[in-house]
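The values are calculated or read from the model by the stated rules, or taken from the named source; none is laboratory data. Predicted, not measured: the structure shown is a model, and the values here were computed from it. Ideal geometry is used to build each Cβ from the backbone, glycine not excepted, and the neighbour counts take in all protein chains shown.
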Amino acid sequence: MTTPLRPQGSDDQPPSTAPHAPHDTRYAANPVSRGSRRDGSRTVDTTRRGVFSATVTDPRELDLARVIWAAREEGRLLCPPTGAESLGLDAAYRIQDDLLGRRVERGERLVGWKLGYTSDAMRAQMGVAEPNHGPLTDAMLVGGGELSRALRQPRVEPEVAVVLADDVAGPVSPHRLRAAIGQVRAALEVVDSTWVDYRFSLADNTADGSSAAQVVLGEPIVLGTGRSAIEDLDDIAVELVVDGAVVGRSTSAAAMGSPLRALAWLVGALAARGRVLPAGSVVITGGLTAAYPLRAGASATATFTTAGGVARAAAHR
């Protein structure tokens, strides 16, 4: 059973003491970036690196993509509202594609996806009614658990990560999906929203890649053998510890009832947008507890107590 944390800003929620980042209340467009066309639209052509091509043509979408990108690059935060909600989720995913394209253009490589808001705890904390997803690049995967100094308002969540051994394209049967999983790992996701104090709509958050910043892949989670092994994922207890104190407890079932079900949801969502999950993809299946603020110098550990597997992260002072 999930033991959620109270939402940020409630009386008993520990305040975030991450280094303060400047924030903007303005949405003036930045100069047109490399890859923009003279008519103002921007073509993202990254298929050679495994990223779906997309063209952002709506000036409002292009402007919001520029603003989010500039805020990330300059270490600033943005103040809502942005108007993204009026654009809708399809537009938010196009903006997300544009931002992914900018990452790929500078040499990053798409390696997988994150799921957001697959648990009641996360949806309640953030006031979001449905799941979303965002891309993971090789630059987001953290070796050794040492987090970036550039994080602005980091929070940490324990998650179950899967690594695929085979390509997966939707629609897919549960049996085929189970067979495609090559490895299950303990993970910590570090989110770092571009929006001040994590105040955003679902569309704002989706455009911002579902707040994805860094992922620590920890130890393998030990499952049983035979046909039921993957089903063991449905009931693994997890404990989130920050600076020696237990700040959240849950089970793997918090992710849509099963990490496998969460993975199936992602396969379907990507298929609807013309994408597949290639072999080797890393998928983190959603926060199992509410996200907890990481102070400068803090350490965090996710321990999957009934199946082994530990992931650790340390924030810079």
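Go through the stretch 277-297 and report how many residues are at pLDDT 95 or above and either surrounded by fewer than 17 Cβ atoms within 10 Å (Cβ to Cβ) or over 20 Å from Ser211 (Cα atoms) (or both). So the answer is 4.
For Val142, are the conditions met, namely being β-branched (Val, Ile, Thr), touching a strand residue (DSSP E or B) at 6+ places or on another chain (Cβ under 8 Å), farther than 25 Å from Trp265 by Cα and surrounded by fewer than 20 Cβ atoms within 10 Å (Cβ to Cβ)? Taking the combined requirement at face value, the residue satisfies it. Selection of the stretch 149-183 for residues being surrounded by 24 or more Cβ atoms within 10 Å (Cβ to Cβ) and over 17 Å from the mean Cα position of the chain (by Cα) yields only Val168. Taking the criterion of being of a type in the set (Gly, Ala, Ser) and under 20 Å from Ala212 (Cβ atoms), the residues of the stretch 143-188 that qualify are Gly143, Gly144, Gly145, Ser148, Ala150, Ala161, Ala186, Ala187. Selection of strands (runs of 3 or more DSSP E) fully inside the stretch 112-221 by the criterion of at least 3 residues being farther than 24 Å from Val246 by Cα and at pLDDT 95 or above returns 132-137, 155-164. Of all residues in the stretch 53-70, those that are under 28 Å from Arg152 (Cα atoms) have Cβ atoms under 6 Å from Cβ atoms of residues that are among the basic types (Lys, Arg) and at pLDDT 90 or above, 6 or more apart or on another chain, in Val56/Arg94; Glu61/Arg94; Trp69/Arg102. Taking the criterion of being assigned to a helix (DSSP H, G or I), among the small types (Gly, Ala, Ser) and at pLDDT 70 or above, the residues of the stretch 37-87 that qualify are Ala65, Ala70, Ala71, Ser86. All of (1) out of contact with any helix residue (DSSP H, G or I) (no Cβ under 7 Å at 6 or more places or on another chain); (2) surrounded by fewer than 20 Cβ atoms within 10 Å (Cβ to Cβ) hold for Asp235 with one exception: (1).
From the list Val156, Val191, Val168, Val160, which one is out of contact with any helix residue (DSSP H, G or I) (no Cβ under 7 Å at 6 or more places or on another chain) and in contact (Cβ under 8 Å) with a residue 60 or more places away in the chain? Only one candidate qualifies: Val156. Whether any residue in the stretch 260-278 is under 15 Å from the mean Cα position of the chain (by Cα), on the phi < 0 side of the Ramachandran plot and charged (D, E, K, R) is what I want to check. There is no residue in the stretch 260-278 that is under 15 Å from the mean Cα position of the chain (by Cα), on the phi < 0 side of the Ramachandran plot and charged (D, E, K, R).
Determine whether Val142 is of a type in the set (A, V, I, L, M, F, W, C) and more than 23 Å from Ser250 (Cα to Cα). Yes; evaluated as a whole, the condition is true for this residue.
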